[in-house]
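Trainee: First the structure, then my questions, so here it is.
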Amino acid sequence: MYVMVRRLAWIAVLLGGCNARLGELNHSMSGDAGSAAQQDATVGSDAPVDAQPDAPDGPWGTPAVIPGTAGAGINVDDPSMTQDGLDIIYAVTNAAAGTKSLFEIQRASLGSPWGTPVPRTELDIGTSEESPRFSLDDKTIYYGVAGNIYTATRAAEGDAFGTPALVTAINTGFYQKWLAVCDNGVAMVARQATSTSDTDLYEGTLAAGAPNAATTLNSTSNEISTFLSKDCLTVYFASNRSGTTQLYTSKRSAVGGAWSTPVNVATPFSASDGADNEDPWASNDGHIFLLASERGGSTTKQLYISTR
């Protein structure tokens, strides 16, 4: 009965907003649910020079709102896409309840329109679900529930996921989200080391946990929205060290090696393009980039896609 009530509530929230703005490309999103310590809202120091993600592949196109993912006054963020570019799982915020739930939207081909969002109610095991990331084969999802990381697997895109299970090696008892996994089970997660600390990035493996603070990447502010390239040598994340939440990137020459000093991700994903930029996702071929952003005068986050 609880699942059915929650499903109907989310459908009403999403479709009600969508009907208010049918046919528009501008849709709204908001920040993460949780306590102030779990939010992205402290001030620190700026990182150095901006960097274009994988610049040799050419400039990115102007990010466009992903149609259908939200409606008027609805906040959406936390996007993750399958590598074929046809499937996105993301979080929708219920502002009245202060909670999130995961939805999925698909398209038949890269040139096709996006379909109708589907609530992934089989992943609803708490009061709020957030920060999904796919495995390398796109069949397993890792996501946050009440500060713990869960995982679930399915046979194919669009199918229902199996029963969610805790990722026991990663969970520590402190609030964490955004588990990103790359080759050979290397992992990075955004975590509060204590109940009152800022959120920082920690790395390790799925099998052995992620006990090591990524000190070069971290600051005295919050680091969230972890994304690792398939080869584990590039990381994207968001931080509010500059006073607003913006995207940063860093590279290393080998797994286990030192990360370079993080730099701001350049336009069209920079502070000059949006008052808030977070939740990055990049395709393996370097041709698709997703983010959640407040831009164009919007005061709530929307999902954006850029290609090249």
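The values are calculated or read from the model by the stated rules, or taken from the named source; none is laboratory data. Only a predicted model underlies this, so the values are computations on that prediction, with no experimental measurement involved. Don't worry about glycine lacking a Cβ; one is built from the backbone with ideal geometry, like all the others, and counts go over all protein chains shown.
Trainee: Out of everything in the range 92-122 that is hydrophobic (A, V, I, L, M, F, W, C) and either over 20 Å from Ala282 (Cα atoms) or more than 17 Å from the chain's Cα centre (by Cα) (or both), what residue ends up being surrounded by the fewest Cβ atoms within 10 Å (Cβ to Cβ)?
Mentor: So in the range 92-122, the residues hydrophobic (A, V, I, L, M, F, W, C) come out as 92, 95-97, 102-103, 105, 108, 110, 114, 118.
Those still in the list that are either over 20 Å from Ala282 (Cα atoms) or more than 17 Å from the chain's Cα centre (by Cα) (or both) too: 92, 95-97, 108, 110, 114, 118.
Working: Val92: 26, Ala95: 13, Ala96: 8, Ala97: 14, Ala108: 10, Leu110: 11, Trp114: 16, Val118: 15.
Looking at the filtered set, the residue picked out is Ala96.
Trainee: Checking Thr163 against (1) over 25 Å from Ile305 (Cβ atoms); (2) crowded, with 23+ Cβ neighbours inside 10 Å, which test does it fail?
Mentor: (2)
Trainee: Right, next: Which members of the range 266-294 meet the condition of being touching a strand residue (DSSP E or B) at 6+ places or on another chain (Cβ under 8 Å), in a loop (DSSP other than H, G, I, E, B) and under 20 Å from Asp50 (Cβ atoms)? Let's see the steps before the verdict.
Mentor: The initial filter retains those residues of the range 266-294 that are touching a strand residue (DSSP E or B) at 6+ places or on another chain (Cβ under 8 Å), namely 266, 268-271, 273-283, 287-294.
Within this subset, residues satisfying the condition of being in a loop (DSSP other than H, G, I, E, B) are 266, 268-271, 273-275, 283, 287.
Within the range 266-294, Ala266, Pro268, Phe269, Ser270, Ala271, Asp273, Gly274, Ala275 meet the criteria.
Trainee: Just checking, does the range 263-274 include any residue being free of Cβ contacts under 8 Å to residues at least 40 places away in the same chain and within 19 Å of Ile66 (Cβ to Cβ)? If you could, list the steps in order and put the result at the bottom.
Mentor: First, the residues of the range 263-274 that are free of Cβ contacts under 8 Å to residues at least 40 places away in the same chain: 271-272, 274.
The next check asks that each one be within 19 Å of Ile66 (Cβ to Cβ); those that pass are 274.
Yes: one or more hits.
Trainee: Tally up the residues in the range 73-91 that are more than 17 Å from Trp281 (Cα to Cα) and either part of a strand (DSSP E or B) or out of contact with any helix residue (DSSP H, G or I) (no Cβ under 9 Å at 6 or more places or on another chain) (or both), please.
Mentor: First, the residues of the range 73-91 that are more than 17 Å from Trp281 (Cα to Cα): 73-75.
Then keep just the ones that are either part of a strand (DSSP E or B) or out of contact with any helix residue (DSSP H, G or I) (no Cβ under 9 Å at 6 or more places or on another chain) (or both); that gives 75.
Of the residues in that region, 1 qualify.
Trainee: One residue is enough: does the range 53-68 have a residue meeting the conditions buried (at least 18 other Cβ atoms within 10 Å of the Cβ) and modelled with pLDDT under 50?
Mentor: The answer is no; no qualifying residue exists.
Trainee: Something else now. Which residues, taken from the range 125-160, are surrounded by fewer than 19 Cβ atoms within 10 Å (Cβ to Cβ) and not small (Gly, Ala, Ser)?
Mentor: Ile125, Thr127, Leu136, Asp137, Asp138, Lys139, Thr140, Thr153, Arg154, Glu157, Asp159
Trainee: Only one residue in Ser298, Ser272, Ser293 is surrounded by fewer than 16 Cβ atoms within 10 Å (Cβ to Cβ) and within 22 Å of Arg241 (Cα to Cα), so which one is that?
Mentor: Numbers: Ser298 fails: surrounded by fewer than 16 Cβ atoms within 10 Å (Cβ to Cβ); Ser293 fails: surrounded by fewer than 16 Cβ atoms within 10 Å (Cβ to Cβ).
Ser272 is the lone residue from the list that is surrounded by fewer than 16 Cβ atoms within 10 Å (Cβ to Cβ) and within 22 Å of Arg241 (Cα to Cα).
Trainee: Go through the range 205-238 and report how many residues are free of Cβ contacts under 8 Å to residues at least 24 places away in the same chain and small (Gly, Ala, Ser).
Mentor: Residues that pass the stated criteria total 1.
Trainee: Which one is surrounded by the fewest Cβ atoms within 10 Å (Cβ to Cβ), of the residues in the range 239-265 that are outside any loop (DSSP other than H, G, I, E, B) and among the β-branched types (Val, Ile, Thr)? Explain how you work it out, then say what you get.
Mentor: Kept after step one, since they are outside any loop (DSSP other than H, G, I, E, B), are these residues of the range 239-265: 239, 246-251, 263-265.
If we keep only those that are among the β-branched types (Val, Ile, Thr) too, we end up with 249, 263, 265.
Values: Thr249: 26, Val263: 17, Val265: 27.
Applying the filter and picking the extreme gives Val263.
Trainee: Right, something else. Looking at Thr299, is it outside any strand (DSSP E or B) and under 26 Å from Cys182 (Cα atoms)? I'd like the intermediate steps shown before the answer.
Mentor: Values: outside any strand (DSSP E or B): yes; under 26 Å from Cys182 (Cα atoms): no.
In short, no.
Trainee: Give just the number: which of (1) within 16 Å of the chain's Cα centre (by Cα); (2) part of a loop (DSSP other than H, G, I, E, B) does Ala156 not satisfy?
Mentor: Answer for Ala156: the failing condition is (1).
Trainee: Please work out if Arg191 is in a loop (DSSP other than H, G, I, E, B), surrounded by 17 or more Cβ atoms within 10 Å (Cβ to Cβ) and modelled with pLDDT of 95 or more.
Mentor: Criteria not met by Arg191.
Trainee: How many of the residues in the range 107-149 are touching a helix residue (DSSP H, G or I) at 6+ places or on another chain (Cβ under 8 Å) and either outside any loop (DSSP other than H, G, I, E, B) or without any contact (Cβ under 8 Å) to a residue 24 or more places away in the chain (or both)?
Mentor: Selection size over the range 107-149: 5.
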